[in-house]
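Accompanying notes for the structure given below.
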Amino acid sequence: MSGNETSELRRAAVLVAGSWGTALASVLAVNGFQVSLWTRNEEQANEINTKHQNSKYLPDNSLPENVIATTNLAEALSGAEIALFVAPSGAMRQVAQAAAPFLAPETLCVHATKGFEEHTLKRMSTVLAEELGRPASSIVVLSGPSHAEEVIRKQPTTVVVASESLAAAEQAQDALINGAFRVYTNNDVVGVEVAGAIKNIIALGAGLSDGLGFGDNAKAALLTRGLTEIGRLGAVMGANPMTFAGLAGVGDLVATGTSKHSRNWRAGYMLADGTPLEVVLEKMVMVVEGVRTTRAARELSKQFEVEMPITAQLYAVLFEGKSPKEAVESLMGRLKTHEIEPIG
């Protein structure tokens, strides 16, 4: 590709260069964007620019030549038609603060992070709106069943983009959709964000169940009752219940709770044999969002007076020293109740 051809491409910025950010940068590049992939790590930027690889997060995968890494935020965001924020939930506010001075008013802002801000319990779209000085209605959320390891290899993937603004959602849809990456729109931002966050907790539980040697019956029940917890919390926060039957809900829950690609599943699996949480997290290359989210969801369940027994037991395992086996026994020994909760 010549320099003249490169300059004619539409520009996009992706912040930051983890596995998911790198995979989404590849999607945008395939779709004809000149993509600036921002990282704080100079060595990582050099590898992406010279070898077209991000070996730390997605080894043995090549990136298109129109993905250019940079450690300069101003450079990354210059002329960007779309800015895609893929920072971990614990770093989202800091990244947004740093990016805000360099964002043009017309740049579409999308985030693809699944979690809550732990100390405020705020959703990521709220954090972005606050730090970027934009109305929350203008922010787009990308979610759904989407392992980066499959997206980078152009394996069929279907996701959802949600915004209160249909125009913003459709703009994101147009930028991202292609033959291997199908994108639906939704206007339920709350539901999509709640589902994306809480499913990480349930995926931790699914990995723990598998690590304990339990079978498909146990995991199916865990995922199903986990979806109930997602629905309970989402309902009191204002979500559309139908969202939880879609890609951001049951779709993402199945993908994350049943796949060895899932960092949350892998963390749960390692916890099952009694490995301390700090040791598990040291062994993981990437952030395990389910750990932070378990703390946040426990507080949200108290705030909204919502029963979330799976979340409560995982909190006890992660932070109170309860053994995984005892946690399962506590769940199985709960008082009998109806499966479908009465309406009204």
Report task. Would you check if there is a residue in the range 107-124 being more than 20 Å from the chain's Cα centre (by Cα) and at negative phi? Result -> yes
Report summary line: residue 50 passes all but one of the listed conditions (1) assigned to a strand (DSSP E or B); (2) among the β-branched types (Val, Ile, Thr); (3) surrounded by fewer than 20 Cβ atoms within 10 Å (Cβ to Cβ); the exception is number (1)
Query - the range 255-272: number of residues that are assigned to a helix (DSSP H, G or I) and in contact (Cβ under 8 Å) with a residue 40 or more places away in the chain - result: 12
Requested in this report: Examine the range 84-94 for a residue that is assigned to a helix (DSSP H, G or I), of a type in the set (A, V, I, L, M) and over 19 Å from residue 163 (Cβ atoms), and state whether such a residue exists.
Outcome: yes
Query - Residue identified as outside the structural domain of residue 116 (by TED's automatic domain parsing), modelled with pLDDT under 95 and acidic (Asp, Glu) among 299, 305, 282 - result: 282
Report task. Those residues that are part of a helix (DSSP H, G or I) and modelled with pLDDT of 50 or more, I need them from the range 1-20; list them, please. Result -> 7, 8, 19, 20
Requested in this report: Filter the range 162-181 down to residues that are free of Cβ contacts under 8 Å to residues at least 24 places away in the same chain and of a type in the set (D, E, K, R) and give me whichever is surrounded by the most Cβ atoms within 10 Å (Cβ to Cβ).
Outcome: 170
Report task. Can you tell me which residue among 220, 148 is under 24 Å from residue 329 (Cα atoms) and among the hydrophobic types (A, V, I, L, M, F, W, C)? Result -> 220
Report task. Mind listing whichever residues of the range 275-304 are loosely packed, with under 14 Cβ neighbours inside 10 Å and either in a helix (DSSP H, G or I) or without any contact (Cβ under 8 Å) to a residue 40 or more places away in the chain (or both)? Result -> 276, 278, 279, 281, 282, 283, 302, 303
Query raised in the report: From 81, 43, 47, which residue is under 23 Å from residue 108 (Cα atoms) and of a type in the set (D, E, K, R)?
Result: 81
Requested in this report: Answer yes or no: is there a residue in the range 137-158 that is surrounded by fewer than 16 Cβ atoms within 10 Å (Cβ to Cβ), modelled with pLDDT of 95 or more, more than 23 Å from residue 263 (Cβ to Cβ) and in contact with a strand residue (DSSP E or B) (Cβ under 9 Å, 6 or more places away or on another chain).
Outcome: no
Query raised in the report: Residue check: is residue 194 assigned by TED's automatic domain parsing to the domain that holds residue 226 and within 16 Å of the chain's Cα centre (by Cα)?
Result: yes
Query raised in the report: Considering 167, 172, 195, which residue is modelled with pLDDT of 95 or more and in contact with a helix residue (DSSP H, G or I) (Cβ under 8 Å, 6 or more places away or on another chain)?
Result: 195
**Report entry** Cβ pairs under 7 Å, 6+ apart, first in the range 182-199 and among the acidic types (Asp, Glu), second buried (at least 20 other Cβ atoms within 10 Å of the Cβ) and not in a strand (DSSP E or B)
**Finding:** 188/239; 188/243; 193/124; 193/125
Report summary line: From the option list 118, 65, single residue qualifying as in a loop (DSSP other than H, G, I, E, B), within 29 Å of residue 191 (Cβ to Cβ) and not aromatic (Phe, Trp, Tyr) is 118
Query raised in the report: If we scan the range 202-214, do we find a residue that is on the phi > 0 side of the Ramachandran plot and not basic (Lys, Arg)?
Result: yes
Query - Residue tally, condition crowded, with 19+ Cβ neighbours inside 10 Å, in contact (Cβ under 8 Å) with a residue 24 or more places away in the chain and not aliphatic (A, V, I, L, M), over the range 314-329 - result: 1
Requested in this report: Give the residues of the range 305-330 that are assigned to a helix (DSSP H, G or I) and within 22 Å of the chain's Cα centre (by Cα), sorted by residue number.
Outcome: 310, 311, 312, 314, 315, 318
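The values are calculated or read from the model by the stated rules, or taken from the named source; none is laboratory data. It should be emphasised that the depicted structure is a prediction, and the values quoted were computed from it without experimental measurement. Every residue, glycine as well, gets a Cβ built from its backbone with ideal geometry; the counts of neighbours run over all protein chains shown.
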